[in-house]
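What follows is a single structure, written as structure tokens, with notes after it.
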Amino acid sequence: MKLGVFGGTFDPVHHGHLIVAEYVRERVGLDRVLFVPTMISPHKVDAAMTSPAHRLAMLRAGVKSNPFFQVSDMEIERGGVSYTVDTLRAMGEENARDEFFLLIGADNMAEFRTWKDPGEIGKRATLIVMNRPGFAGVAADPSLPKDVIQCAVPSIDISATEIRRRVQKGLTISYLVPPSVARYIDRHRLYREL
Ligand code: ATP
């Protein structure tokens, strides 16, 4: 099976995530995309973050209608700082016959060489870089794995930061997140204070 792995804080999941993941799934012919919310992102260690339980619940609600999308709570269950290489190792042991593809937005890809064990990540998964408004594509860089796939996806200028700011200001987030996610945010009074 060809498995896409899409990590992030998903605080909250939004239509940018969902649209680009669905495009990549179709273009690369993935059998499934696994959304993996981080416990603590190595790049956001000091940032205030919504609880893992809320982020997980929003993600589950947000992907529910797509039979190709699944959520893995592996990083949250593992606890501590979430390193992609550890996740790929564990997934590779669980599903030794599967082929892994790592979905990364162009903004994250810019810092890829600072990740833990980038060389091993490149061996365990094929990297798929998705363009994101405001961020350049990946320049030819000898430190990157050779077989990086650049997947052209629609440019969706939505970020979780913008959604949190809008909720805090009392502005609408309709059409930026799935209705189930908007209802969850409202019901649990998330993001009212930043
Ligand atoms: P924040 O604004 O809180 O930093 P975010 O919107 O960037 O959050 P993350 O959960 O940090 O969302 O992103 C997870 C992954 O999804 C990252 O690889 C990021 O590059 C990618 N991503 C998020 N939004 C988009 C988008 N609109 N287009 C393409 N890739 C995206």
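In table form, for the structure just shown:
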quantity: For the stretch 2-156: lysine pairs under 22 Å (alpha-carbon distance), excluding those fewer than 8 apart on one chain; calculated: 6
quantity: Estimated Rh, the stretch 90-189: Kirkwood, alpha-carbon pairs, angstrom; calculated: 16.1
quantity: Projected label distance in nm at ASN66 and ASP157, using a 7 Å step from Cα toward the beta-carbon; calculated: 2.3
quantity: Expected 222 nm ellipticity per residue - DSSP helices of 4 or more, -39500 (n - 2.57), all of the chain, to 500; calculated: -10500 deg cm²/dmol
quantity: Whole-Å distance, taken between Cα centres, linking the stretch 70-122 and the stretch 146-194; calculated: 23
quantity: Kirkwood-Stokes translational diffusion coefficient of the chain, alpha-carbon pairs, 37 °C, 0.692 mPa s, µm²/s; calculated: 192
quantity: Note, ³J(HN,Hα) from phi for the stretch 95-111, Karplus 6.51, -1.76, 1.60, rounded to Hz, x at Gly and Pro; calculated: 10, 4, 8, 8, 10, 9, 10, 9, 8, 9, x, 4, 5, 6, 5, 4, 9
quantity: Residues whose placed amide H lies under 5 Å from that of VAL177, excluding near-sequence neighbours; calculated: HIS15
quantity: DSSP-defined antiparallel bridges as percent of all bridges, the chain, nearest 5; calculated: 5
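Bear in mind that the values in this text are calculations on the coordinates, not laboratory data. These numbers were taken from a predicted model, which means no experiment stands behind them. So basically every Cβ, Gly included, is an ideal-geometry build from the backbone, and we count neighbours across all protein chains shown.
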